[in-house]
Amino acid sequence: MTPSIGEDPRNRPQVDPLAALRTPGDPPWDVYLTGTVFLDIIFTGLDSAPVRGTESWARGMGSSPGGVANMATALARLGLRTSLAAAFGDDHYGDYCWDALAQGEGIDLSPSRTVPGWHSPVTVSMAYEGERTMVSHGHEPPPEEPAPETAPLARAAVASLTPGKRAPWIAEAAHHGTRIFADVGWDDTGAWDLAGLADLEHCEAFLPNAAEAMRYTGAACPRAAAHALTEHVPLAVVTLGAEGAYAVDRRTGETAEVPAIAVEALDPTGAGDVFVAGFVTGTLAGWPLADRLAFAGLTAALSVQEFGGSLSAPGWAEVMGWWRRVQSVEGQDPVALRRYAFLGSLVPDEEAARPWPLRRAVPTIGFRRSA
């Protein structure tokens, strides 16, 4: 039987950002997403990129679910009721990823399935100099194991758009009132044609990075690209790397720009997914655009200080711990502090922000249990 969210109350965050908005007639899930789950093996502490013909030793290593699991975990840790459709291998890696997501994070996997005879996709990520290099291996799941054509009812869904392809579930979900947030990968075809992103017409928000946004629009700068994208989608959010993020809402005419938070990065894997999760959380909660951008950037900054893409995602205890720490540091820029003042109203007391069981990436999988 597929574990469902809420079976173990210890696995639920102590803050529900949508508590004031919930009604008995709500859909069962806050966010739905689908995609490929990888097993990520991360090496950190490399002084430089591996050099051909040599052996490099990493000072740190971690393993965790990756791929679409990055965003699913980030959403669940921020208190959103999250449902995931994915294929899992019937090997030890698949068992580990399923357990980490269902039991460890309380993510609903009822739309997911284990594929007999299919091994889990694997990514090895090497982090150095604030960047990463990845090598992946995997096979498509058998054609008789398609992704669900019908998405469960949810307030929102996160979709990764593929140039030249439609995903039928996106249009159907939007038709039933699900708010679609979309990102996109690098266009290996080199076409960079917005018309090829056919499902963009069903999306409320599009969140590319600066390079993607400029290539798709032909704009000379990321901010101009964001404005151009609003001809195709109501809300455009362009991430600017070390400069932060910029957003334009066509419906209100509102724009917002928030600088990035400077941190010492251990592993940047999955930071973009955590950013999207933070932005979706703030949007569903009805926050102002600038607050959503600031929160998304903060959660991404906290994530890069831990191993792995999924299990590095912060929970509310870490968000509030950061807010309390920065207020206690002398000489802080008062303007910068005011930018994050909205955090003070999210958790009323220390008890509500107490830590809950957050798994972290582990060096190895499947230690034998002693009797």
Inset, instruction - Show me 241-248, 183-190 ranked by packing, highest mean number of other Cβ atoms within 10 Å first. - result: 241-248, 183-190
Legend entry - Loop trypsin sites (Lys or Arg not before Pro), segment 22-81, which have at most 12 other Cβ atoms in a 10 Å radius of their Cβ (DSSP): Arg22, Arg52, Arg59
Legend entry - Accessible area of the chain divided out per residue, in Å², using a probe of 1.4 angstrom: 47
Legend entry - Share, in percent, of DSSP beta bridges within the chain that are antiparallel, nearest 5: 50
Inset, instruction - Could you let me know the centre-to-centre spacing of segment 154-187 and segment 282-325, using Cα atoms, in angstrom? - result: 23
Legend entry - Descending Cα extents along the principal axes, the chain, whole Å: 58, 56, 51
Legend entry - Asp91/Glu254 FRET efficiency (R0 51 Å; Cβ-Cβ; nearest 0.05): 0.60
Inset, instruction - Sort the following peptides by mean Cβ neighbour count (other Cβ atoms within 10 Å, averaged over residues), highest first: 287-298, 325-336. - result: 287-298, 325-336
Legend entry - Separation of the Glu140 and Gln332 label points, Cα + 7 Å toward Cβ, nm: 5.1
Inset, instruction - Quick one: pull the percent of accessible area on segment 198-346 belonging to carbon and sulfur, 1.4 Å probe, ligands and nucleic acids left out. - result: 52
Inset, instruction - Any chance you could run the full-extension gain for Leu18 through Ala242? It's 0.36 nm times the residue separation minus the Cα-Cα distance, nm to one decimal. - result: 77.7 nm
Legend entry - Distance between modelled label sites at Ser110 and Cys221, nm, 7 Å Cα→Cβ extension: 5.0
Legend entry - Carbon and sulfur %, accessible surface of segment 16-134 computed with the full protein complex present, 1.4 Å: 55
Legend entry - Separation of the Glu264 and Arg325 label points, Cα + 7 Å toward Cβ, nm: 1.1
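The values are calculated or read from the model by the stated rules, or taken from the named source; none is laboratory data. Computed from a prediction, not measured in an experiment: that's the story for all the values here. Here the Cβ is made from the backbone with ideal geometry for all residues, glycine too, and neighbour counts use every protein chain on show. SASA here: full protein model, heavy atoms, side chains in, ligands and nucleic acids out. Shrake-Rupley method; radii C 1.70, N 1.55, O 1.52, S 1.80 Å.
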